[in-house]
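Encoded as structure tokens, the structure appears first; notes follow it.
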Amino acid sequence: MTPAAPEGLEREMLALIESLYPICRSITGDGVRETLRLVGQKLPLEQHEVPSGTPVLDWTVPDEWNVRDAWIKNRAGERVVDFRRSNLHLVSYSEPVSPRWMPRAELVAHLHSLPEHPDWIPYRTSYYKRSWGFCVSEKQLESLTEAEYEVCIDSTLAPGHLTYGEHFLPGERPEEILISAHVCHPSLCDDNLSGIAVSSFVARALAARARRRWSYRFLFIPGTIGSLTWLARNREGVPRIRGGLTLVCLGDERGLTYKRSFGGGAEIDRAAQLALATSGRPFEAIDFFPYGYDERQFNSPGFRIPVGSLMRGRHGRFAEYHTSADDLGFVRGPQLVDAYASVLAILDVLEGNARFRSLSPYGEPQLGRRGIYRAMGGESDPEALQLAMLWVLSLADGEHTLVDAAERSGLGFAVVRSAATLLERHDLIQECD
Amino acid sequence: MTPAAPEGLEREMLALIESLYPICRSITGDGVRETLRLVGQKLPLEQHEVPSGTPVLDWTVPDEWNVRDAWIKNRAGERVVDFRRSNLHLVSYSEPVSPRWMPRAELVAHLHSLPEHPDWIPYRTSYYKRSWGFCVSEKQLESLTEAEYEVCIDSTLAPGHLTYGEHFLPGERPEEILISAHVCHPSLCDDNLSGIAVSSFVARALAARARRRWSYRFLFIPGTIGSLTWLARNREGVPRIRGGLTLVCLGDERGLTYKRSFGGGAEIDRAAQLALATSGRPFEAIDFFPYGYDERQFNSPGFRIPVGSLMRGRHGRFAEYHTSADDLGFVRGPQLVDAYASVLAILDVLEGNARFRSLSPYGEPQLGRRGIYRAMGGESDPEALQLAMLWVLSLADGEHTLVDAAERSGLGFAVVRSAATLLERHDLIQECD
Amino acid sequence: MTPAAPEGLEREMLALIESLYPICRSITGDGVRETLRLVGQKLPLEQHEVPSGTPVLDWTVPDEWNVRDAWIKNRAGERVVDFRRSNLHLVSYSEPVSPRWMPRAELVAHLHSLPEHPDWIPYRTSYYKRSWGFCVSEKQLESLTEAEYEVCIDSTLAPGHLTYGEHFLPGERPEEILISAHVCHPSLCDDNLSGIAVSSFVARALAARARRRWSYRFLFIPGTIGSLTWLARNREGVPRIRGGLTLVCLGDERGLTYKRSFGGGAEIDRAAQLALATSGRPFEAIDFFPYGYDERQFNSPGFRIPVGSLMRGRHGRFAEYHTSADDLGFVRGPQLVDAYASVLAILDVLEGNARFRSLSPYGEPQLGRRGIYRAMGGESDPEALQLAMLWVLSLADGEHTLVDAAERSGLGFAVVRSAATLLERHDLIQECD
């Protein structure tokens, strides 16, 4: 029942990811701007620039960070660690270090590696504590045997702006569905170029629709500080949000996992589980926990926006997480397309869900007379649409929804929705509210 | 704990089914009247005749259908398909066809068979779309190789009446339990001569009782249109109905299945599950679904009467369903008797269930002093009645019922009810409401 | 996470049990007084004496029973059954029998044995029906082959008092936790010298604490009549009791079982399950049933005090139950210490549980700025305390408790409590009351 993906989508998604991969993103800086520029070629983005020092809820927008270059040179003047080869080499938000020689021991205290994966470079950040450091593979670390090294970090960490992008799609109703992807990770693909790509193309698909019941808001924001900033600037808009999703790590080879919102039984939670169950592919639904991605902020006690999270690899739970192994080879086109279709399937449940009241609630209405039911009786196997009509009528008491009907019947949401449309057209049920 | 069945019951039930088997029943007509006449020999039935054209809820009582004869003859003038040999051969509600020759191809378009069961005749109806047809075995169909056949349906389909029977047993309280069986199927035994037989003898057993707490209403009605008609004519009585059962397919060799009412947690649902669990025989309880038998109508959104369904073979789920294989050999005496006892066991839970308030709620009352508890202490295995007294006292808070006590204790309803009676007699508990 | 037991505790507990073992206890009499005197050496006990004939709820305090001697002699004048060898030989509350000869058959009607355990003496009582009897091993019974025996029971059963002990520990709040152990069984160890010992040393440990949030009330009472008496004399105090535990059969080799209070979802129930789950040792939680020990009375409909029961061997479910095999060899020191630690762990959950409201509920507060969160980002394995802080903040909505946070997070209560304390200290959350 997942909507068919348009021709060439896989190629387009992978191309977007490839173009975004080399950029050195962080929670602020030109990497985010360049990322939004490229995403903006797929869908119009409103770009926001929030000055450093702006209070946002309990936090403050930090100084802006940009890097021109960073390296560690040996005696021979060779770059043994080189930011130009991988932006992961530099701890994000490293303060500037003018070129200077330092003893090996002093340098090593600033190095991060992964002994259990000797070829991989870890990804580390130090956003809120001024510091500097390099991330290296364990093999690189072992090869640093000279007594002294020259170190340089040509970065700026100074008042500037935090940048984020927003795409708003108005619908028939002012209530909004929020889709959020973080744009603060450097050369990591699954986390979260995959989420950015899926979000972008889902937005484009929705924009192309003639009709949307709900309004949709897509956020491309730096993790944590970005969602906090957006929430701080849009507090009056929060009550309009019916629910939403954060999209993360959607390109790897794992099956889908849906992480429920705080309450666990919100419409978005039921819609996601229904849509994924109907797909026929295995998936897991897990309870909310207050770490992970920006669903943390949306679900915080003061907001409690029911935002779930759709992912494949789980936050901190796969070996490649936050390492250089999360590279272009780690994400797969078919997985991206499947995630894209799954998000649309979830949103289609939200679009189609409604509460109905039967206009013929006393006994069943005579469907046959209206030409929408088989005329010949006695057979044992009525088709799904006919069963779905009976389910919708049975639950058309103004209390239950089509999601209830889909859950109870096991027929899948699409056929239940079709049945409701047919019954509505024949004036047998009426939408409530 | 199921009440013992009276001597000769099995023989009586089978004899009733045998007498009903040959009758050509449909949703209207003399077959229904003859059926009610035979059932009426077991218990007095109020017979209702509702004119064709009467609006009943969203439906209209159809014309009355009767058949004198129907056949297909070959060139030799032999009846190759003969209504007199099985009334299943004629599609129910077939309009009259004056004897006429028709090419084989034209005839075949009006024939129904079951390729997967070449010896069986299917059962088909066309109540609300004027049409005609014959049901034949696949082997008969294959043997029809001549170029032309003569066809005759000597039926009448004309304004008349819809007929149904009702048996009301007054109890101490005006609230009613509804038991319904459909009487519209021709020569099919399990579906639903078994239900008719069980219902009839349960009614007779209840009628013989000196005391009934609840009133009971037994309906012998054509499926769908019959329950709709009854509901249309008795809307003011619906609020008096506490719950009920449809009785269907109770004679085959399968274990019992209880299909819950729409809400799933009504007293009838808990009573049924409790009674069946106590029987010691395997059974299954399944959720409500809006197809099956007349529980569809009783549970519809406007009424929501908590009516469950007791069955063995499930609607549309056994091979013999709606075929000539559902014959006299398909139903078994002991299964009918067991179903009869099970229905009475369910009704006994409803009869005996109550909410109590302890008259000695602070700590346990001293049962020993009243001579209703073992005098010797220290043993590890008090008997069930003593445990049941403790359970009833523990739950005698005016909120819980004896069904709660039976469910929580696992002791079975009968001993819990006995304990309550004993405690009530000693002024230790008082019935609420 | 169970608190470490103090040095020498195991030895002290076993020594208390050994000193209590020989005493002939019953529901009244000097055996109870001597028991309270020995327990009183561990913690100050308020001793209550309630006159025989005092009405207590539905019951009456019985006459006091004391025994000097009891025996059965053969022709040779040898004591073939001798109360001095085991107080179990005499049915508790046996009325006096002046020395007299009786035919074997008459005697045997007063004898109780356990054919399935030929070496064990059963424990029997006849508190409320005047009677007399001896308990003997099956082998003893078989050896009684002479035609006549001389029987003597030198007991008194006369107006006196019912005795119980109480230890009250005031806390910051007047609301109380009730811990109750029965003191009415003669030479049986697990049932309930183990409970008496665990209760005594838990009381001593709590008394030694500088701070207790709740007040604690320890009861050392005869089973059933003792709790009824206490309840009758303290009805005005019942609303102050938040919940409690009966402590029984805690020394045998089985794992712990927690029997829930009547409602099943009380704070004590959740605390017990949480504490036991965190211990890492297997345990079982079972639903309330209205037999067993004094939790019956506390949970009765008029009181519904949520009192659970902690035990190893279950009431009536182990072979040694109420037999001479429940002797000093049947209880084990490490099991007693583990039970002691488990009770304290449960009480620590009650002590530490609270409902909080976040003072920074909109998005997460910035923990790093306050120095209570790791500065370096990107790692996949934050430690438990950091996760616990996020959980506590996420649930700090004034509705959820720390028990909720511990249950949802699976982190264990202790770390959740530590996190809350840390957050409270940084003015990030505020306790709701």
task: Partner chain Cβ atoms within 10 Å, averaged over the residues of A:123-129 - can you pull that number for me?
output: 5
- request: Using DSSP, restrict attention to beta bridges with both residues in segment B:178-265 and report what percent are antiparallel, rounded to the nearest 5.
  value: 0 percent
task: Take the alpha carbon atoms of segment B:1-68, find their center, do the same for segment A:234-256, and report the distance between the two centers in whole angstrom.
output: 60 Å
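Please give the FRET efficiency for B:Ala384 paired with C:Glu253, using the beta carbon to beta carbon distance and R0 = 30 Å, rounded to the nearest 0.05. Could the numbers behind the result be given before it?
On the way: r = 30 Å, r/R0 = 1.02.
So the FRET efficiency works out to roughly 0.50.
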- prompt: In straight Cα distance, which lysines are under 27 Å from A:Lys139, not counting same-chain residues fewer than 8 positions off?
  reply: A:Lys73
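How many partner chain Cβ atoms sit within 10 Å of a residue's Cβ in peptide C:288-294, on average, as a whole number?
Values: counts 2, 7, 12, 7, 1, 0, 1.
Counting other chains' Cβ atoms within 10 Å and averaging over C:288-294 gives 4.
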task: Report, in cubic angstrom per residue, the convex hull volume of the C-alpha atoms of segment C:1-92.
output: 178 Å³
field: segment C:212-314: C-alpha pair distances exceeding 22 Å, %
entry: 28 percent
query: What gaps in nm, shortest first, separate C:Ala384 from its twins in the other copies when you place the label 7 Å past Cα toward the beta carbon?
result: 4.8, 4.8
task: Would you calculate, for the protein assembly as shown, the mean residue ellipticity at 222 nm contributed by helices, counting each DSSP H stretch of 4 or more residues as -39,500 (n - 2.57) and dividing by all residues, to the nearest 500?
output: -8500 deg cm²/dmol
statement: Stokes-Einstein D for segment B:261-332 (20 °C, 1.002 mPa s, Kirkwood Rh from Cα pairs), in µm²/s, comes to 155 µm²/s
query: Of A:Arg85, B:Arg211, A:Arg357, how do they rank once you tally other Cβ atoms within 10 Å and put the fewest first?
result: B:Arg211, A:Arg85, A:Arg357
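If you add up the charges near B:Ile27, with Lys and Arg at +1 and Asp and Glu at -1, over every other residue whose beta carbon is less than 11 angstrom from its beta carbon, what do you get? Walk me through the numbers before you get to the answer.
Values: positive: B:Arg25; negative: B:Asp63, B:Glu64.
Charge balance near B:Ile27 sits at -1.
What does the structure give for A:354-366 when I average, per residue, the other chain Cβ atoms found within 10 Å of the residue Cβ?
Details: counts 0, 0, 1, 1, 3, 1, 6, 7, 13, 21, 12, 4, 9.
Mean partner shielding for this stretch: 6.
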- request: Taking a label point 7 Å out from Cα toward Cβ, give me the nm distances from C:Glu284 to the same spot in the other copies, shortest first, one decimal.
  value: 3.0, 3.0
Where rotation carries B onto C, the chain B residue whose Cβ is nearest that axis, in whole Å: B:Gly265, 11
- line: Around A:Arg270 (Cβ within 9 Å, Cβ-to-Cβ, excluding A:Arg270; K/R +1, D/E -1) the net charge comes to -4
- prompt: If you count the DSSP beta bridges with both ends in segment A:240-351, what percent of them are antiparallel, to the nearest 5?
  reply: 25 percent
task: Run through the other copies and list how far each one's label point is from that of A:Ala319, in nm with one decimal, shortest first; the point sits 7 Å from Cα along Cα-Cβ.
output: 5.3, 5.3
Cα Rg, Dmax, segment B:42-145, angstrom units: 16.6, 51
Debye log10 I(q)/I(0) at q = 0.15, 0.23 Å⁻¹ for segment C:79-198, Cα point scatterers: -0.78, -1.42
- request: Would you mind ranking B:Lys42, B:Lys139 by Cβ crowding within 10 Å, fewest neighbours first?
  value: B:Lys139, B:Lys42
field: Isotropic mean projected area of the C-alpha convex hull, segment C:289-329 (nm²)
entry: 3.5 nm²
- prompt: Computed FRET efficiency, Cβ-Cβ of A:Arg281 and B:Asp154, R0 51 Å: what is it to the nearest 0.05?
  reply: 0.30
query: When the Debye formula is applied to the Cα atoms of segment C:351-419, each taken as the same point scatterer, what base-10 log of I(q)/I(0) results at q = 0.24, 0.25 Å⁻¹?
result: -1.10, -1.16
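Roughly what % antiparallel, to the nearest 5, for the DSSP beta bridges in the protein assembly as shown? Show your work: numbers first, answer last.
Details: 124 of 194 bridges.
If we restrict to bridges inside the protein assembly as shown, about 65 percent are antiparallel.
Over all directions, what mean area does the Cα convex hull of chain C project, stated in square nanometres? Write down the numbers at each step before the final one.
Numbers: hull surface 92.1 nm².
Average projection, Cα convex hull of chain C: 23.0 nm².
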message: Per residue of segment B:416-429, what does 6.51 cos²θ - 1.76 cosθ + 1.60 with θ = phi - 60° give for ³J(HN,Hα)? Whole Hz please, x for Gly and Pro, Karplus curve as stated.
response: 5, 5, 4, 4, 5, 4, 4, 5, 5, 4, 9, 6, 9, 9
message: As a footprinting exposure proxy, order B:Met389, C:Met376 by other Cβ within 10 Å, with the fewest listed first.
response: C:Met376, B:Met389
- prompt: For the protein assembly as shown, what D do you get in µm² per second when you plug the Kirkwood radius from alpha-carbon pairs into Stokes-Einstein at 20 °C and 1.002 mPa s?
  reply: 57 µm²/s
- prompt: Reachable lysines from B:Lys259, Cα under 28 Å, same-chain residues fewer than 8 places away excluded?
  reply: B:Lys42
Derived scalar couplings ³J(HN,Hα) [segment B:205-210; Karplus, 6.51 cos²θ - 1.76 cosθ + 1.60; whole Hz; x for Gly, Pro]: 5, 5, 4, 7, 6, 5
message: Taking each pair of distinct Cα atoms in segment B:168-271 once, what is the resulting Kirkwood hydrodynamic radius in Å?
response: 14.7 Å
- prompt: Taking the convex hull of the alpha carbon atoms in segment B:304-433, what volume per residue do you get, in Å³?
  reply: 167 Å³
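If Lys and Arg each add +1 and Asp and Glu each add -1, what is the summed charge of the other residues whose beta carbon sits under 10 Å from the beta carbon of A:Thr257? Numbers along the way, then the final one.
Details: positive: A:Arg254, A:Lys259, A:Arg312, A:Arg314, A:Arg317; negative: A:Glu284.
Summing Lys and Arg as +1 and Asp and Glu as -1 gives +4.
All of the numbers you see were taken from the coordinates with simple rules; none came from a lab. Nothing here was measured: the structure is a model prediction, and the numbers come from that model. Heads up, the Cβs are rebuilt from the backbone with ideal geometry, glycines too, and the neighbour counts pull from every protein chain shown.
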